[in-house]
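The values are calculated or read from the model by the stated rules, or taken from the named source; none is laboratory data. What you are looking at is a predicted structure, and each value in this text was computed from that prediction instead of being measured. Note that each Cβ is placed from the backbone with ideal geometry, even for glycine, and that neighbours are counted across all protein chains shown. All accessible areas refer to the heavy atoms of the entire protein, side chains included, with ligands and DNA or RNA removed. Shrake-Rupley method; radii C 1.70, N 1.55, O 1.52, S 1.80 Å.
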Amino acid sequence: MTALPAPVPVPDGRLERPHATLAYSTTGGRGPLAVHAHGALSSRAHERRAGLFDWTELTATHRLARYDARGHGESTGRAVPADYHYPALAADLLALCDHLSPGAPVAALGASMGAATVLWAALARPERFDRLVLAVPAVAWAAREPRRRGLLAAATLVERRGRGALDAAARMSGPPAVLAGAPQYTTGFDLPEALLPAALRAAAASDLPDPEALRDLPHPVLLLAWDTDPLHPPATARTLAAHLPDARLHVSHTLAGVRSWGRLAAAFVAEGERREGDGRGAGA
């Protein structure tokens, strides 16, 4: 992927949460809010370095907020696994939405752990959101068991040998095949070593919501998946698409396809804003 352009400088904000301070930044104009939640062990800065999840095109119609999940990047946290369970992260996302857009629903975007965060938040307070974009949802449900074992083993590895051993293992495994042509993609983790075991154990204990619980979610949903990645298999996205009542699925098989996600997400989110505008015009 090509490197992302530098964002328009906006002073970073801070939101106090129980046992954490969330760091966030916003770009774009004065339109409705869209919020992006990153993946596990990543951050705003890590995604930018890796050239992933460039939602810049949304700023043509929306104010875009990106934040570091608790313990990640510039956000603080503590070494307690329960703090990083998906429903706890969803509560942080909801608090940020209330802080930045108290009077209007929000378009929510999430990648991997962030996609799970968005889904749990939408289930908890569906009125808080108008549209959802879920990128690379992780392996889930019965198929997640081998992943759980791997995450617990990774936590033990860090505890016994330090984060360098985990970094080395990640470099050996390399990126998903669909990203092989992206030389700037990096597998480093943006989480302090002291917090890594807790975050890894939390990921092992967490999962996406039960598919049956998703049947009543009212939001239009765009699902973005890539193939050749066993940690984020298209099967998860297909199961979500089958259970969410208003879902569209896009599976990319090439790097060019992944690079189109920003444009697809921007068009999808703007579509909701156009419909909102049409509704206001019809009632005038």
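Given the alternatives (i) 17.9, 66; (ii) 18.0, 52; (iii) 19.8, 65, Rg and Dmax of the Cα atoms in Å as computed for this entry is given by (i). Once all protein chains are placed together, Glu74 keeps about 100 Å² accessible to a 1.4 angstrom probe. Derived scalar couplings between HN and Hα for region 88-104 equal 5, 5, 5, 5, 5, 4, 4, 5, 5, 4, 5, 6, 8, 9, x, x, 8 Hz in order, rounded to whole Hz, by the Karplus curve 6.51 cos²θ - 1.76 cosθ + 1.60 (θ = phi - 60°), x for Gly and Pro.
Taking every protein chain into account, the 1.4 Å probe leaves Met113 with about 20 Å² of accessible area, to the nearest ten. From its DSSP helices (H runs of at least four residues, each -39,500 (n - 2.57)), the chain gives a residue-normalised ellipticity at 222 nm of -12000 deg cm²/dmol.
A cut-off under 15 angstrom between Cβ atoms defines the neighbours of Cys97, and their net charge, with Lys, Arg +1 and Asp, Glu -1, is +2. Accessible surface ranking for Glu193, Glu16, 1.4 angstrom probe, highest first: Glu16, Glu193. Taking the 1.4 Å solvent-accessible surface of the chain as the whole, the part contributed by carbon and sulfur is 57%.
The phi torsions of region 115-126, fed into the Karplus equation with coefficients 6.51, -1.76 and 1.60 and a -60° offset, translate into couplings of 5, 5, 4, 5, 5, 5, 5, 5, 5, 5, 9, x Hz, rounded to whole numbers, with Gly and Pro shown as x. At an R0 of 25 angstrom, the distance between the Cβ atoms of Ala45 and Ala180 translates into a FRET efficiency of 0.65.
R0 = 35 Å: FRET efficiency of Ala194 with Arg259, Cβ-based, nearest 0.05? Result of the calculation: an efficiency of 0.45.
Estimated at the nearest 10 Å², the accessible area of Arg14 is 120 Å² with a 1.4 Å probe.
Gain on full extension, evaluated as 0.36 nm per residue between His19 and Ala213 minus their Cα-Cα distance, stands at 66.9 nm.
Here the calculated FRET efficiency for Val80 and Ala165, from their Cβ-Cβ distance with R0 = 25 Å, stands at 0.65, rounded to the nearest 0.05.
Antiparallel beta bridges, as assigned by DSSP with both residues in the chain, represent about 25 percent of the total such bridges. Taking the DSSP beta bridges with both ends in region 1-136, the antiparallel portion is around 40 percent. About the centre of its Cα atoms, region 102-206 shows a dipole size close to 280 debye [charges on the beta carbon of Lys, Arg (+1) and Asp, Glu (-1) only; nearest 20 debye]. The phi-based Karplus calculation (6.51 cos²θ - 1.76 cosθ + 1.60; θ = phi - 60°) puts the 3J(HN,Hα) values of region 12-26 at 5, x, 9, 10, 7, 10, x, 6, 6, 10, 8, 9, 9, 9, 10 Hz, whole numbers, x for Gly and Pro. Computed over protein heavy atoms with a 1.4 Å probe, the accessible surface of the chain works out to 43 Å² per residue.
Net charge near Val258: determine it from the other residues with C-beta under 12 Å of the C-beta of Val258, scoring Lys and Arg +1 and Asp and Glu -1. It works out to a net charge of -1. Near Thr26, once Lys and Arg are set to +1 and Asp and Glu to -1 for all other residues with Cβ below 10 Å from its Cβ, the sum equals +1.
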